[in-house]
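Step one of this worksheet: look at the structure below.
The values are calculated or read from the model by the stated rules, or taken from the named source; none is laboratory data. Quantities reported herein were computed from a predicted structural model and do not represent experimental measurements. In this analysis, Cβ positions are derived from the backbone assuming ideal geometry, glycine residues included, and neighbour counts consider all displayed protein chains.
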């Protein structure tokens, strides 16, 4: 009962602040509302038992990305500036399309019969061995014996190159982050071209802002 | 903790969040707010991955790791997107998509 109440509260926070984030006309406020949505999502991950993922969500999303967005808002517009909104006709059409899509997807999702898989993952040597044996011994309490992944399991799985390891995605993500970091630095760097007067004019104006 | 919450509740929340993000993407004209809508969409997809992993395959890690990878990709994407937005602002003095039409054919 308490779980359901807290789940409904978290869902209401997520949905209300998501709507406010996409409809608020002040850009900085909508960034703060987005931060509330991301924090509430981290709470949802905590409720589902994935503590490490919730911590990653809090640090990377609610910490890093929101700060990046707020910095870019402060760099590109005034704080009190109102966002330019589209005409009301386009807004109504977008709302209609969105509601139609949401109803369609909800009908499909609610009609589908999701069945939890009871078979243990074949060849998994990273997971705790106690799970499969205890599930076979106590078939009634399968959900109670499933443990949440600890940081130890996650770290082992991230660097393992065996069947259930994630070493390849880990390395690919590392290279992607490095490339994105270098690319962002190169893109955002001010150009120093004295020959091109137009660009140097723009940079001079920027420095006075 | 999750026994009293059916899977469909989580899916309803993530579906509504996804379409709120799409609505924001369609109605916003500011590049930063469009990026924020994309973050909403990515976040709702993450909730789906985590919920399917937790409810349907609790022995496996795949959804958990996919959500972490999506978070990393979102961080990289927003860093590059904000660099591009700042560059656009330097050249056009505005980040409204209506004003940035110089490359339009």
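Would you call residue A:58 surrounded by 20 or more Cβ atoms within 10 Å (Cβ to Cβ), within 22 Å of residue B:64 (Cα to Cα), modelled with pLDDT of 90 or more and in contact with a helix residue (DSSP H, G or I) (Cβ under 6 Å, 6 or more places away or on another chain)? No: the conditions fail for residue A:58. Only one of the listed residues (A:36, A:114, A:46, A:71) is more than 22 Å from residue B:38 (Cβ to Cβ) and either in contact (Cβ under 8 Å) with a residue 40 or more places away in the chain or part of a helix (DSSP H, G or I) (or both). That residue is A:46.
Of all residues in region B:93-105, those that are facing chain A (nearest Cβ under 10 Å) have Cβ atoms under 8 Å from Cβ atoms of residues that are in a loop (DSSP other than H, G, I, E, B), 6 or more apart or on another chain, in B:94/B:100; B:95/A:77; B:96/A:84; B:96/B:29; B:97/B:29; B:98/A:84; B:98/B:29. Restricting region A:27-37 to residues that are under 27 Å from residue B:52 (Cβ atoms) and crowded, with 24+ Cβ neighbours inside 10 Å leaves a set whose member that is farthest from the other protein chains (Cβ to nearest Cβ) is A:37. Residues that are closer than 17 Å to residue B:74 by Cβ and surrounded by 24 or more Cβ atoms within 10 Å (Cβ to Cβ) were ranked within region B:21-31; the one that is farthest from the other protein chains (Cβ to nearest Cβ) is B:21.
Looking for whichever is modelled with pLDDT under 90, part of a helix (DSSP H, G or I) and either exposed (fewer than 13 other Cβ atoms within 10 Å of the Cβ) or at the interface with chain B (Cβ under 10 Å from one of its Cβ atoms) (or both) here; the options are A:94, A:141. Which one fits?
On the way: A:94 fails: modelled with pLDDT under 90.
None of the others qualify; the one that does is A:141.
Would you confirm whether any residue within region B:49-68 is over 16 Å from residue A:39 (Cα atoms), under 13 Å from the mean Cα position of the chain (by Cα) and either at the interface with another protein chain (Cβ under 7 Å from one of its Cβ atoms) or without any contact (Cβ under 8 Å) to a residue 60 or more places away in the chain (or both)? Scanning region B:49-68 turns up no residue that is over 16 Å from residue A:39 (Cα atoms), under 13 Å from the mean Cα position of the chain (by Cα) and either at the interface with another protein chain (Cβ under 7 Å from one of its Cβ atoms) or without any contact (Cβ under 8 Å) to a residue 60 or more places away in the chain (or both).
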